[in-house]
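Notes to accompany the following structure.
Please treat every number below as a calculation from the coordinates, not as lab data. Computed from a prediction, not measured in an experiment: that's the story for all the values here. For neighbour counting, all protein chains shown are included, and Cβ atoms are generated from backbone atoms with ideal geometry for every residue, glycine included.
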């Protein structure tokens, strides 16, 4: 699948991690992201007619098990509103495709993009938006969610159930999961409202 134009890996330095953070995003992360971005800019996506830099799908990058086109790993967790969520159960009963956004309160790009996801969730009601705070302090994550005024489903990955199944080179990370449970597209880095709209149309045809 061709990547959406205009989306670039965001390598801005995140805010300092809290004491809950156990997932270092230090020099190694930025070196990896810079290498991926540099290789993409240098070699492009193989389409001579479109030389503009875009984010590669990163399928298989760093040995990630969550390749596009493969089944999305199942997980279950408790949402901040107290309800239980299980991916397979949602797909079987609700049926809407899922946008899974991994974030943290200490991550600057995550904080910057969450208002865009909030707006998109109100426009695209035929898509289920789920934000999961990973490697974060639960209190800080909850306070940030209240501060931003997020109304779509949120959860805190306190048991690392999600981060183990959806590893990434950094945050934010967003997975577009189809109604039949396949990972259609993976984006590492900050995206804005227009890009979310385009990604939804391209990934789900909505």
Which residues, taken from the stretch 163-184, are surrounded by fewer than 23 Cβ atoms within 10 Å (Cβ to Cβ), in contact with a helix residue (DSSP H, G or I) (Cβ under 6 Å, 6 or more places away or on another chain) and more than 18 Å from residue 94 (Cα to Cα)?
169, 170, 184
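Within the stretch 149-156, is there a residue that is over 22 Å from residue 123 (Cα atoms) and in contact (Cβ under 8 Å) with a residue 24 or more places away in the chain?
Filtering the stretch 149-156 down to residues over 22 Å from residue 123 (Cα atoms) leaves 156.
From what is left, the residues that are in contact (Cβ under 8 Å) with a residue 24 or more places away in the chain are 156.
Looking through the stretch 149-156, at least one residue is over 22 Å from residue 123 (Cα atoms) and in contact (Cβ under 8 Å) with a residue 24 or more places away in the chain.
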Residue hits (the stretch 170-198; touching a strand residue (DSSP E or B) at 6+ places or on another chain (Cβ under 7 Å), outside any strand (DSSP E or B) and under 16 Å from residue 72 (Cβ atoms)) are 178, 181
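Of the residues 155, 120, 141, only one is over 17 Å from residue 90 (Cβ atoms) and touching a strand residue (DSSP E or B) at 6+ places or on another chain (Cβ under 6 Å); which?
Details: 155 fails: over 17 Å from residue 90 (Cβ atoms); 120 fails: touching a strand residue (DSSP E or B) at 6+ places or on another chain (Cβ under 6 Å).
Exactly one of 155, 120, 141 is over 17 Å from residue 90 (Cβ atoms) and touching a strand residue (DSSP E or B) at 6+ places or on another chain (Cβ under 6 Å), namely 141.
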Odd one out for residue 132 among (1) in contact (Cβ under 8 Å) with a residue 60 or more places away in the chain; (2) within 14 Å of the chain's Cα centre (by Cα); (3) over 19 Å from residue 197 (Cβ atoms)
(1)
